[in-house]
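Heads up: the structure comes next, in structure tokens.
The values are calculated or read from the model by the stated rules, or taken from the named source; none is laboratory data. Just so you know, these numbers come straight off a predicted model, no measurement behind them. Cβ: placed from backbone, ideal geometry, glycine included. Neighbour counts: every protein chain shown.
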């Protein structure tokens with residue numbers, strides 16, 4: 001009888017040990033999965049933010065009537081991308097979209113061409129860490145290069161500006177051809 005009791009205790013202890021081992025395994029798998037999911041969603045959010053900035057520029061550039069309506073200028077000691085609109089104010093001067101970087105933000109302001117803006121006036125579009133533009137002539141086309149820093153990485157977008165709004169071609173350095 002005493003032998004049966006000790007075997008029963010041993011069997012019960014073995015079952016409890018297996019159950020504990022199973023519980024620890026399940027818990028470690030859940031924690032590993034949660035960490036993987038968290039890092040995956042964080043990476044996806046960063047990529048989505050980067051794509052939003054690139055899509056923002058592509059859509060704004062499509063609004064330009066021609067490549068001559070996209071200007072890279074300095075205003076208030078800030079590099080500003082001007083996109084002249086075909087809408088005119090009451091004096092016959094075009095409205096302009098100004099896109100620039102200030103205080104950690106990509107900003108945009110839409111106003112008449114003569115508006116003297118303050119850097120804080122613009123609408124905050126996306127949090128970035130820096131922004132530069134360059135405009136180069138490529139035969140009959142103009143190549144606009146936009147570089148911005150986001151999440152500690154530099155991103156470079158190239159836009160071949162043609163004189164027809166619908167045919168702006170967007171080349172992104174990290175990938176292939178986008179239209």
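Observations on the structure shown:
- Residues located in the range 65-89, provided they are part of a loop (DSSP other than H, G, I, E, B) and either modelled with pLDDT under 85 or touching a helix residue (DSSP H, G or I) at 6+ places or on another chain (Cβ under 7 Å) (or both): 65, 66, 76, 89
- Here 93, 62, 38 are screened, and the one residue that is at negative phi, surrounded by 10 or more Cβ atoms within 10 Å (Cβ to Cβ) and in contact with a helix residue (DSSP H, G or I) (Cβ under 6 Å, 6 or more places away or on another chain) is 62.
- Test: residue in the range 129-143 that is at pLDDT below 90, more than 19 Å from residue 157 (Cα to Cα), out of contact with any strand residue (DSSP E or B) (no Cβ under 6 Å at 6 or more places or on another chain) and not in a loop (DSSP other than H, G, I, E, B): no
- Residue 13 vs. criteria part of a helix (DSSP H, G or I), more than 20 Å from the chain's Cα centre (by Cα) and surrounded by fewer than 11 Cβ atoms within 10 Å (Cβ to Cβ): yes
- Considering each residue of the range 42-49 in turn, none proves to be touching a helix residue (DSSP H, G or I) at 6+ places or on another chain (Cβ under 9 Å) and either under 15 Å from residue 146 (Cα atoms) or surrounded by 12 or more Cβ atoms within 10 Å (Cβ to Cβ) (or both).
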